[in-house]
Amino acid sequence: MRHRRDAAATIRDQLHASGREDVTVDGQQPVHDAITYLTNHADRMNYAGALWWGFPVGTGTVEATCKTLIGLRMKRCGARWHVPTGNHVLELRALALSDRWDGAMEKLFATQRTSVRTRAA
């Protein structure tokens, strides 16, 4: 199914055809909820297109990013962080790991420059 562009619509249609849309389990309607979700988000579930374009499909990339961005830096032995300073460190680390450091520093330094006039002797 992940190689079909219409996979989400096919699953939604099969759930609807099952006749279980109104079935309630512990006060929930899981089939109805799944149909609603697939209806609302089908345009974002084109995994076949994502695979064709070479985009990652799955959580592996996100999990690896969390490990390198957060785990290795923020969970060091004895490390303690306050929320504001920890967020600043993460933002700087994200810039460094995504090869955006130089551009960010250029923008930062451009805002820090002030004009200096020489004084007549």
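We did not get these values from a lab; they are worked out from the coordinates using the rules stated. Note that this is a predicted model, so its numbers are computed, not measured. Cβ coordinates were reconstructed from backbone atoms using ideal geometry, including for glycine residues, and neighbour counts include every protein chain displayed.
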With an 8 Å cut-off on Cα pairs and a minimum separation of 6 or more residues, tell me the relative contact order of the chain in percent. 19 percent
For Cα extents along the principal axes in Å the list reads (1) 52, 35, 20; (2) 57, 42, 30; (3) 91, 37, 25; the calculated value is entry (3)
For the chain, longest principal axis from Cα atoms; helix 7-17 axis from its Cα atoms; angle between them, nearest 10 degrees, is 40 degrees
Local charge sum around Arg100 (other residues, Cβ-Cβ under 14 Å, Lys/Arg +1, Asp/Glu -1)? -2
